[in-house]
Amino acid sequence: MSKLTMVKGPEEGRVHELIKESVVFGRQATCDVVIPVTSVSREHAFMQKINGHYHLVDKGSRNGTTVNGEKVPCDGQGRPIRHRDLIQICEVEYLFEEPSIEPIGPQETEAIETSSIPDEDENTCVNEILKQTTQQILDTQPAEKLRLLLDITGAFSKALELDTLLPKIADQMFQLFKQADRCFLIIADDSTPPKLMPKLVKSRKPQDEANARFSRTIVRKCIESGQAFSADDASRSEEVGLSQSVVDFRIRSVMCVPLVGVNGKPFGVVQLDTQDRSKRFTQEDLKLLWGVATQAAIALDNSRLHEQSITEERSRAAMDCDLRLAQQVQFSFLPREEAQVDGYEFKAYYKAAKEVGGDYYGYIPLSNGRLGITIGDVAGKGVAAALIMAKVSSETRYSLSTEPDLHTAVAKLNDELYPYLDNLQKFVTFEACILDPKSHQWSICNAGHMIPLLIRKAGGPIDDVVHADITGIPLGIMEGMTFEIATFSLEPGDQILFYSDGVSESMSANGVAFGLDKMKEVIQSVKDPTPKTVVERLLGAINQHTVGRQYPHDDITIVCCGRKA
């Protein structure tokens with residue numbers, strides 16, 4: 001099966017198996033291969049299977065698409081993709097692999113590149129890049145070596161837990177390479193210079209393993225150059241002979257082959273050496289070790305991805321648990337039931353765009369039978385906004401309960417929140433109303449929030465409850481602010497609708513906002529409106545508008561209060 005492996009980007013190592021005839025790349029969640037990078041277009045490019053082979057076509061993206069450094073045309077024809085082609089979309093790169101299908105067009109075979117090999121003697125030192133495939137190596141090996149190599153290859157192909165497998169592989173390598181006294185598998189980290197970490201140290205004599213050491217000079221040379229290294233007598237090699245470690249560890253004949261990752265970069269080595277002057281590795285041995293190293297590199301990459309997958313799964317499970325708990329905590333700050341006030345009805349709805357959100361609303365009982373109705377929206381979404389919302393909830397209750405005048409209470413709330421919000425570079429749009437059910441008078445103070453809509457029983461246009469002139473700046477922008485209040489009343493059967501911008505800005509699958517005009521149209525279509533029917537009809541229209549979206553565009557909060565007819 002064809003596959004794509006991200007070799008550079010935010011999800012490096014992730015593999016996409018290509019099971020569809022057409023595969024779309026892009027930033028949009030509906031794409032087959034989602035690339036979470038802002039410079040990538042919503043639908044950037046696509047691969048289409050034609051006559052059994054994939055072709056890559058750019059969809060007129062802003063930043064273009066390249067294959068092996070060559071720009072892909074957006075003419076609808078594109079260009080054919082071959083096995084191990086490198087696809088680049090902005091700063092992200094994918095390796096395309098189609099191992100079961102021959103490349104398109106004339107086949108290109110790489111010759112084995114080796115330096116000229118003089119007659120074997122103790123001073124011979126050969127450095128070379130070996131480019132032949134594992135199959136070519138297998139074809140040249142005697143039966144016993146072939147069997148051992150197949151055993152090693154088969155074991156690597158099934159390996160996920162390498163810590164238990166590698167010592168067994170080393171035993172088989174000692175059978176494969178009779179000259180070897182010691183076997184090392186060494187991984188380099190991403191630091192500069194890279195730190196060398198032995199993944200496996202195995203000696204033919206177990207009692208020697210505690211003192212087994214490798215030459216960092218040889219290993220670093222192999223990793224930095226990406227070339228295999230061999231020497232009949234390392235201590236006399238012009239390139240490494242001056243290394244004290246070679247002398248101290250009595251390294252004679254040595255082979256060191258790089259482990260190359262899917263991104264084409266060496267990340268470690270396999271090294272075999274002997275301390276016996278009479279034993280030497282041949283060039284056939286070096287070629288054979290390259291085949292083993294190729295399989296080892298694949299197994300190590302698979303093991304790393306397996307461990308990473310397990311770690312990520314555990315992390316996701318822990319995060320999901322934490323988010324569920326955070327969701328429960330957040331809902332504990334919101335009213336558990338609708339407010340109960342003689343002569344009035346209430347209906348509220350709250351939905352976070354993510355597991356937790358930054359919207360807030362509250363019913364706050366006040367002195368003399370009055371009721372405070374509040375609504376707010378923290379800039380941003382997710383956990384950070386939810387934590388700020390918790391602070392807003394507690395401070396709002398305190399400010400309204402301790403200050404008799406509404407505008408003074410909101411000013412006090414602003415000054416209390418300012419140090420926290422300023423430090424976090426956040427703000428909160430906020431609105432507070434106080435209902436006096438005895439006089440049916442309402443007082444309203446607005447801090448940058450959406451002005452409520454007035455729904456008259458007698459019908460007619462739906463309009464703002466008060467003029468926009470009373471709207472102040474959001475909380476947390478500036479310390480020492482003053483806020484204005486306005487008053488109004490509801491006649492029997494009238495209703496007032498508070499809402500956050502997640503309602504009017506609810507987005508359709510193709511990016512069209514629901515809009516204030518649509519809100520009013522939906523509300524006006526409700527016959528004999530009550531808070532319950534208004535909220536239900538509005539939510540039904542929003543859900544229909546947003547069909548096809550995986551997640552809401554923003555947190556949604558609606559609070560509808562009505563005076564009974």
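The values are calculated or read from the model by the stated rules, or taken from the named source; none is laboratory data. Just so it is clear, the structure is predicted and the values come from calculations on it, not from any experiment. Note: ideal-geometry Cβ built from the backbone for every residue, glycine included; neighbour counts use all protein chains shown. Ligands, DNA and RNA are stripped out before the accessible areas are found, and what is left, the full protein with its side chains, is counted by its heavy atoms. Shrake-Rupley method; radii C 1.70, N 1.55, O 1.52, S 1.80 Å.
Worth a mention:
- Remark on SER506: its backbone amide H falls under 5 Å from those of PHE514, GLY515, a criterion applied only to residues 5 or more positions apart or on other chains, H modelled at 1.01 Å from N.
- Mean separation of Cα contacts under 8 Å (6+ apart) over length of the chain, as relative contact order %: 9
- A simple rule links phi to the HN-Hα coupling: the Karplus curve 6.51 cos²θ - 1.76 cosθ + 1.60 with θ = phi - 60°, which for the range 191-205 gives 6, 10, x, x, 7, 9, 10, x, 8, 8, 10, 9, 10, 5, 9 Hz, with x for Gly and Pro.
- Spin-label pair ARG277-ASP517: with each label point 7 Å from Cα along the Cα-Cβ axis, the two points sit 9.6 nm from one another.
- Listed values for the range 263-280 are Karplus-derived 3J(HN,Hα) couplings in whole Hz (6.51 cos²θ - 1.76 cosθ + 1.60, θ = phi - 60°), namely 8, x, 9, x, 10, x, 9, 10, 10, 10, 9, 10, 9, 9, 5, 7, 9, 9, and x replaces Gly and Pro.
- Under 5 Å between amide hydrogens, built in the peptide plane, is the criterion, and for THR65 it picks out VAL72 among residues at least 5 positions away or on other chains.
- Length released on extending from GLN441 to GLU479, taking residue separation times 0.36 nm less the Cα-Cα span: 10.7 nm
- Lysines with Cα under 17 Å of LYS426, excluding same-chain neighbours fewer than 8 positions away: LYS381, LYS391
- Scoring 333-344, 57-68 by mean Cβ neighbours within 10 Å over their residues and listing the highest first yields 57-68, 333-344.
- When peptides 92-98, 530-536, 544-550 are sorted by average Cβ neighbour count within 10 Å, with the highest value leading, the order is 92-98, 530-536, 544-550.
- Built amide H within the under 5 Å cut-off of LYS457, gap 5+: ASP494, GLN495
- Placing pseudo-labels 7 Å out from each Cα toward the beta carbon at GLU355 and SER367 gives an inter-label distance of 4.3 nm.
- The modelled label-to-label distance between ILE470 and ASP75, using points 7 Å beyond Cα along the C-beta direction, is 6.6 nm.
- Rounded to the nearest whole Hz, the Karplus-based 3J(HN,Hα) values (6.51 cos²θ - 1.76 cosθ + 1.60, θ = phi - 60°) of the range 464-480 follow the sequence 5, 5, 10, 6, 5, 5, 7, 5, x, 7, x, 5, x, 7, 8, 7, x, with x at glycine and proline.
- Members of LYS438/LYS527; LYS351/LYS520; LYS351/LYS532; LYS520/LYS564 lying beyond 18 Å, as alpha-carbon distances in this model show: LYS438/LYS527; LYS351/LYS520; LYS520/LYS564
- Segment ASP463-GLN207, extension gain: residue separation times 0.36 nm, minus the distance between their alpha carbons: 83.3 nm
- Principal-axis analysis of the Cα atoms of the chain puts helix 162-176 at an angle of about 20° to the longest axis.
- Per-residue SASA entry for ASP171, accessible area with 1.4 Å probe, Å² rounded to 10: 70
- Once the C-beta distance of ASP32 and SER315 is scaled by a Förster radius of 25 Å, the resulting FRET efficiency is 0.50 to the nearest 0.05.
- Dividing the convex hull volume of the alpha-carbon atoms in the range 394-456 by its residue count gives 95 Å³ per residue.
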